[in-house]
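Participant: This structure is in structure tokens; I'll ask about it shortly.
The values are calculated or read from the model by the stated rules, or taken from the named source; none is laboratory data. Owing to the predicted nature of the structure, the values given are computational and were not obtained by experimental measurement. Cβ atoms come from the backbone with ideal geometry, glycine included; neighbour counts cover every protein chain shown.
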Amino acid sequence: MIIDKAEVIVTSPGRNFVTLRLTTADGHVGIGDGTLNGRELAVVSYLRDHVAPLLIGSDASRIEDTWQFLYRSAYWRRGPVTMAAIAAVDMALWDIKGKAAGMPVYQLLGGASRNGLMAYGHASGKTNEELFDSIRAHQELGYRSIRVQTGVPGLKSIYGIASNATFEANDGVRYDHEPAQRGAFPAEEDWDTRSYLRHIPTVFEAVRNEFGPELPLLHDAHHRLTPIQAAQLGKSLEPYDLFWLEDCTPAENQEALRLVRQHTTTPLAIGEIFNTVWDYQQIIREQLIDYVRSAVTHTGGISHLKKVLDYASQYQIKSGMHGPTDVSPVGMAAAMHLGLAIHNFGIQEYMQHSAQTDSVFKQSYSWSNGFLHPGNEPGLGVTLDVDEAGKYPYEQAYLPFNRLADGTVHDW
Ligand code: KDG
Ligand code: MG
């Protein structure tokens, strides 16, 4: 299984995706996702200029050895660009191995530990009424766990509010909240922590009153709080029994989570912007989180994220893999194979891609009654239609950023 072709395919069916396609001399093809939202071309160059030439002539069956070679021989370790590039290679190699074995990747990882993967979707609305409609629309589509984001009075636009949050899937208009906006400069949004901290508990109270105590609810604070503010939020949300509070602080300072933990029993999920086990070392060892948020795409692929999750399992910490629409269907499939196989699966984020995206990436995974399954096609079960991909050339896009009322840049 000698690799004789390594191509990087960039396509933008509604939003940008970076895919690595490896072909072996004996005709096996594997694909991997290397999409890094808003910084896609950095990964493209890393793969095209520095990685693809090293792969030609190498043995596609040596997944672990290839991972270690790419990680260690670069000398410069970690970082989102490096780890997304390595992830793309790793996924493509698992895809090839599965195809060569005639088995879905989850079988190679030890087989299924469950029948399907419980997934949550993103309900949102500028007002509580819009939010309730969005929650109902998600329930109609089978979601049994729901993330709740709303507008904050006085703020024009904030993270997590979709323009079409009611998810009209039947007529082909999908709920596809993509915060990265096309254009040459990031959009500016506004932020006020005091208003947010006052408002959010009232939203959860209204949601619990309307939808009752059973529905698992999640919330993403999206890195915008200091540790003491995060502690305050976690405490104020305790009566509403959240499944998790996500990214309550940026957590680059892992110790900061100690303070949050001392003050609240609200479960914490962190890690979508982390990219190696080293980012989790302390927060897992000290049991400062409950869910690992990393995506396969941003954390060095299936091989590395499995190591993170195996480490987490020793501390009863579960997976909650990142699954926004900026993770391509290839990255989503990789997450599903891994999630099906590991014992400490928690929940999978699943936003559903647009019809345009699905026309480029043909998937064998399925969604039914609130559960995902990767399917039983050999490999990852996703194919890339190169002709279709060619219809959607790359378009520059940036994630937004925040400024406070006095003009200070703030975490978004
Ligand atoms: O590209 C940024 C998105 O992936 C991120 O904002 C989505 O926070 C996110 C989530 O929880 O899905
Ligand atoms: Mg998040």
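Participant: Which one of the conditions (1) modelled with pLDDT of 95 or more; (2) in the same structural domain as Y315 (by TED's automatic domain parsing); (3) more than 24 Å from R39 (Cα to Cα) does L404 fail to meet, given that it meets all the rest?
Facilitator: Single failed check for L404: (2).
Participant: Let me confirm something: among Y291, Y240, which residue is of a type in the set (F, W, Y), within 16 Å of ligand 2 (Cβ to nearest atom) and either modelled with pLDDT of 95 or more or surrounded by 19 or more Cβ atoms within 10 Å (Cβ to Cβ) (or both)?
Facilitator: Being of a type in the set (F, W, Y), within 16 Å of ligand 2 (Cβ to nearest atom) and either modelled with pLDDT of 95 or more or surrounded by 19 or more Cβ atoms within 10 Å (Cβ to Cβ) (or both) holds for just one of Y291, Y240, which is Y291.
Participant: State which residue pairs qualify: first residue touching a residue at least 12 places away in the same chain (Cβ under 8 Å) and crowded, with 17+ Cβ neighbours inside 10 Å and inside the stretch 96-121, second residue acidic (D, E) and not in a loop (DSSP other than H, G, I, E, B) in any location, beta carbons under 9 Å apart, and separation of 6 or more residues or different chains.
Facilitator: Listed by first residue and then by second, the contacts come to V105/D95; A119/E349; Y120/E349; G121/E349.
Participant: Applying the selection to the stretch 351-381, what residues are surrounded by fewer than 17 Cβ atoms within 10 Å (Cβ to Cβ) and assigned to a loop (DSSP other than H, G, I, E, B)?
Facilitator: N369, N376
Participant: Could I ask something else about it? Can you confirm whether T299 is hydroxyl-bearing (S, T, Y) and within 25 Å of W67 (Cα to Cα)?
Facilitator: yes
Participant: If you don't mind, another one. Among the residues of the stretch 54-77, write down those that are touching a residue at least 24 places away in the same chain (Cβ under 8 Å) and outside any loop (DSSP other than H, G, I, E, B).
Facilitator: L55, D59, I63, E64, T66, W67, Y71
Participant: Moving to a separate point now. Taking into account only those residues within the stretch 203-228 that are more than 15 Å from L242 (Cβ to Cβ) and charged (D, E, K, R), which is farthest from ligand 1 (Cβ to nearest atom)?
Facilitator: E210
Participant: For the stretch 342-388, give me the residue count where each residue is under 17 Å from the mean Cα position of the chain (by Cα) and among the polar types (S, T, N, Q).
Facilitator: 4
Participant: Another question, then. From the list F274, F243, pick out the single residue that is among the aromatic types (F, W, Y), more than 19 Å from A123 (Cβ to Cβ) and within 16 Å of ligand 1 (Cβ to nearest atom).
Facilitator: Step by step, each of F274, F243 is checked, and only F274 is among the aromatic types (F, W, Y), more than 19 Å from A123 (Cβ to Cβ) and within 16 Å of ligand 1 (Cβ to nearest atom).
Participant: So, one more: Given the condition part of a helix (DSSP H, G or I), under 23 Å from E246 (Cβ atoms) and either in contact with a Lys or Arg (Cβ under 7 Å, 6 or more places away or on another chain) or not assigned by TED's automatic domain parsing to the domain that holds I135 (or both), answer yes or no: does some residue in the stretch 382-398 qualify?
Facilitator: Checked against the condition, which is being part of a helix (DSSP H, G or I), under 23 Å from E246 (Cβ atoms) and either in contact with a Lys or Arg (Cβ under 7 Å, 6 or more places away or on another chain) or not assigned by TED's automatic domain parsing to the domain that holds I135 (or both), the stretch 382-398 yields no hits at all.
Participant: Can you find a residue in the stretch 257-267 that is of a type outside the set (S, T, N, Q), within 16 Å of ligand 1 (Cβ to nearest atom) and more than 22 Å from W94 (Cβ to Cβ)?
Facilitator: Yes: the stretch 257-267 contains one or more residues that are of a type outside the set (S, T, N, Q), within 16 Å of ligand 1 (Cβ to nearest atom) and more than 22 Å from W94 (Cβ to Cβ).
Participant: Output the number of residues of the stretch 261-275 satisfying the condition of being closer than 19 Å to L305 by Cβ and either of a type in the set (S, T, N, Q) or away from ligand 2 (no atom under 16 Å from the Cβ) (or both).
Facilitator: The total comes to 1.
Participant: Is there a residue in the stretch 299-309 that is under 12 Å from the mean Cα position of the chain (by Cα), surrounded by 24 or more Cβ atoms within 10 Å (Cβ to Cβ) and more than 16 Å from ligand 2 (Cβ to nearest atom)?
Facilitator: For the stretch 299-309, residues under 12 Å from the mean Cα position of the chain (by Cα), surrounded by 24 or more Cβ atoms within 10 Å (Cβ to Cβ) and more than 16 Å from ligand 2 (Cβ to nearest atom): absent.
Participant: Right, another one. More than 30 Å from V89 (Cβ to Cβ) and modelled with pLDDT under 95, is that true of N209?
Facilitator: no
Participant: Please pick out the residue among L36, L41, L20 that is closer than 20 Å to T357 by Cα, of a type outside the set (D, E, K, R) and in contact with a Pro (Cβ under 6 Å, 6 or more places away or on another chain).
Facilitator: Testing whether each residue is closer than 20 Å to T357 by Cα, of a type outside the set (D, E, K, R) and in contact with a Pro (Cβ under 6 Å, 6 or more places away or on another chain) leaves just L36.
Participant: Separate question: Residues Y311, Y315, Y398, Y365: which one is of a type in the set (F, W, Y) and closer than 25 Å to R39 by Cα?
Facilitator: Matching residue, one of Y311, Y315, Y398, Y365: Y398.
For (1) touching a His at 6+ places or on another chain (Cβ under 8 Å); (2) modelled with pLDDT of 95 or more; (3) on the phi > 0 side of the Ramachandran plot, each residue gets a yes or a no:
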site	(1), (2), (3)
I56	no, yes, no
S61	no, yes, no
Y71	no, yes, no
G79	no, yes, yes
A87	yes, yes, no
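Participant: Restrict the check to the stretch 310-328 and report whether at least one residue is at pLDDT 95 or above, within 15 Å of F361 (Cβ to Cβ) and away from ligand 2 (no atom under 14 Å from the Cβ).
Facilitator: Checking the stretch 310-328: at least one residue is at pLDDT 95 or above, within 15 Å of F361 (Cβ to Cβ) and away from ligand 2 (no atom under 14 Å from the Cβ).
Participant: Provide a single number: the residues in the stretch 59-70 that are surrounded by 18 or more Cβ atoms within 10 Å (Cβ to Cβ) and either farther than 18 Å from V29 by Cβ or not hydrophobic (A, V, I, L, M, F, W, C) (or both).
Facilitator: Number satisfying all stated conditions: 3.
Participant: What's the number of the condition M332 fails, among (1) within 15 Å of the chain's Cα centre (by Cα); (2) within 16 Å of ligand 2 (Cβ to nearest atom); (3) farther than 25 Å from L70 by Cα?
Facilitator: Against the list (1) within 15 Å of the chain's Cα centre (by Cα); (2) within 16 Å of ligand 2 (Cβ to nearest atom); (3) farther than 25 Å from L70 by Cα, M332 comes up short only on (3).
Participant: For the subset of the stretch 243-260 comprising residues that are within 21 Å of R194 (Cα to Cα) and either surrounded by fewer than 22 Cβ atoms within 10 Å (Cβ to Cβ) or small (G, A, S) (or both), which member is farthest from ligand 2 (Cβ to nearest atom)?
Facilitator: L259
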